[in-house]
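Contents: one structure, followed by commentary.
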Amino acid sequence: MPGMLDPLFRGSPVDAVFTDAATVQGMLDVEAALARAETGLGVIPPGADSAIAAQCQAGHFDLDALARSAAKAGNTAIPLVKALTARVAAADRDASRFVHWGATSQDVMDTGLVLQIRQAVALVDHDLGALEGHLARLAERHAETPLAARTWMQQALPTTFGLKAAGWMAAVARVRRAVAAAGHDCRVVQFGGAAGTLAALGDRGLEVAAALAHELDLALPDLPWHGHRDRLVALGAALGLVAGVLGKMARDLSLLMQTEVGEAFEPAEVGKGGSSAMPHKRNPVACAVALSAANRVPPLVATLFAAMPQEHERGLGGWHAEWETLPEIFRLVGGSLRVMVDTMAGLEVDAGRMRANLDITHGLLMSESVVMALGEALGRGPAHSLVEKASRQAVAEGRSLGEVLVALPEVTTHLSPEQLAAALDPAHYLGMAPHFVARALAARTPSRDV
């Protein structure tokens, strides 16, 4: 049963991949595939596979009873194998002798998890692709829409909203590749038996492992990886990068939504972002979800790293620490992606407010531009000193920088009124921003859009 906060912080299709029923089904899929592989190789008798596979449906099992038994057994596979064996025996006693043949609990649990990971990575990739596409459209549409760049939380110089969106887009593309690569590396079967040697299968162990991998459409690693968790940890780290990238977007957008800024907004919706006390509020709810995930996921990733030094061939406690951690990372990242995809699909951009905010410093934002224009004649150092002094005067007298500069012979001797006006125009000081946007868009792979 979902928790009350699940629709807020999670609520994506990824959730369904990691339900208790889905986890049990993953393990049962491994058991059925193992029986098919071994029957095909003649390791177990003909027909045993179909008898076993017929019972490999999660709906046949009492999940609450499995949970209670797992508390004593130490993992969920032990009671599941017992329950599966009993069900097979009720229909075909001979076949029940070959349930879980040559495998160990960790083989079933790890490989079942790999099957879940494959589904979850595909869902995350889908949403990252959708987000990347929305951001590309924003970058293209606003490639030359000027707004104030902020450094140290202060207005710095003019940039464009398109460049900001392109920065978000490029980061999403990078972490999308990272998740895809880590997910690919995780798509390996785990099959090593009790101690990673497959001794129970004699000289047929490697054949069975290869056939099992084929049945599940997974790769066969060079050797079992019970105690080596680097693949899973790398995936968790890649998902942590996703959470951070989405958090960066959410931080930027929440600041742009501030009343005093008002340059971009999450899509409006009845019942969204209100206040129980203040009817006028329009709170950045989606940003709050993404920022929450950005805060919560890194410690979970740290848990995966902390659990890596596992003892000898099969770990104690470290392996157990992964069971809830990696699924929770997936769920939180899935929830963050869900809200940011919807937000960027309908983002409200106020270009007029962006332009107006460029003027709130009365020209001080353009001080570097004036320095560069004067520097050709005076040198950069003297020009900087001159404009710095004029800026202080403008603030002290409550005048615009342009009004002060136009009255200084040191300026008018070298800059005509038209040249000074151009140096003070934000639209003339965007630098390479539109070109950077074009480069970022050209570097994309549009075919991967969703």
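The values are calculated or read from the model by the stated rules, or taken from the named source; none is laboratory data. Quantities reported herein were computed from a predicted structural model and do not represent experimental measurements. Positions of Cβ are generated from backbone atoms using ideal geometry, with glycine treated the same way; all protein chains shown enter the neighbour counts. Areas reflect the complete protein model, heavy atoms only, side chains present, ligands, DNA and RNA absent. Shrake-Rupley method; radii C 1.70, N 1.55, O 1.52, S 1.80 Å.
Among the listed residues Phe18, Phe61, Phe98, which satisfies the condition of being aromatic (Phe, Trp, Tyr), at pLDDT 95 or above and under 31 Å from the mean Cα position of the chain (by Cα)? Of Phe18, Phe61, Phe98, the one residue that is aromatic (Phe, Trp, Tyr), at pLDDT 95 or above and under 31 Å from the mean Cα position of the chain (by Cα) is Phe18. Flag: Arg444 matches the condition of being assigned to a loop (DSSP other than H, G, I, E, B) and either farther than 30 Å from Met169 by Cβ or not assigned by the TED database to the domain that holds Leu147 (or both). Please determine whether any residue of segment 183-195 is of a type in the set (Asp, Glu) and closer than 23 Å to Gly315 by Cα. So far as segment 183-195 goes, yes, one or more of its residues are of a type in the set (Asp, Glu) and closer than 23 Å to Gly315 by Cα.
Filtering segment 92-112 for residues that are within 23 Å of Ala286 (Cα to Cα) and touching a residue at least 24 places away in the same chain (Cβ under 8 Å) leaves an empty set. Only one of the listed residues (Thr104, Thr111) is polar (S, T, N, Q) and open to solvent by less than 10 Å² (accessible area, probe 1.4 Å). That residue is Thr111. Would you pick out the residues in segment 380-438 that are of a type in the set (Asp, Glu) and loosely packed, with under 13 Cβ neighbours inside 10 Å? Correct list: Glu388, Glu397, Glu418. Within segment 45-62, the set of residues being in a helix (DSSP H, G or I) and exposed (fewer than 14 other Cβ atoms within 10 Å of the Cβ) comprises Gly59, His60. Considering only residues in segment 196-251 that are touching a strand residue (DSSP E or B) at 6+ places or on another chain (Cβ under 9 Å) and not in a loop (DSSP other than H, G, I, E, B), the one that is least open to solvent (accessible area, probe 1.4 Å) turns out to be Ala213. The numbered conditions (1) at positive phi; (2) at pLDDT 95 or above are all true for Gly379 except (2). Does segment 176-193 hold any residues that are open to solvent by less than 80 Å² (accessible area, probe 1.4 Å) and not β-branched (Val, Ile, Thr), and which are they? Within segment 176-193, Arg176, Ala178, Ala180, Ala181, Ala182, Gly183, Cys186, Gln190, Phe191, Gly192, Gly193 qualify.
You will find that of Ala90, Ala95, the residue that is open to solvent by less than 20 Å² (accessible area, probe 1.4 Å) and assigned to a helix (DSSP H, G or I) is Ala95 and no other. Scanning segment 316-366 for residues that are of a type in the set (D, E, K, R) and more than 19 Å from Pro284 (Cβ to Cβ) returns Glu322, Glu324, Glu328, Arg331, Arg355, Asp359. Cβ-Cβ distances below 6 Å connect the following pairs, each with a first residue in segment 309-327 that is within 19 Å of Val114 (Cβ to Cβ), a second residue that is surrounded by 15 or more Cβ atoms within 10 Å (Cβ to Cβ) and of a type in the set (Phe, Trp, Tyr), and a separation of six or more residues or different chains: Pro327/Phe18.
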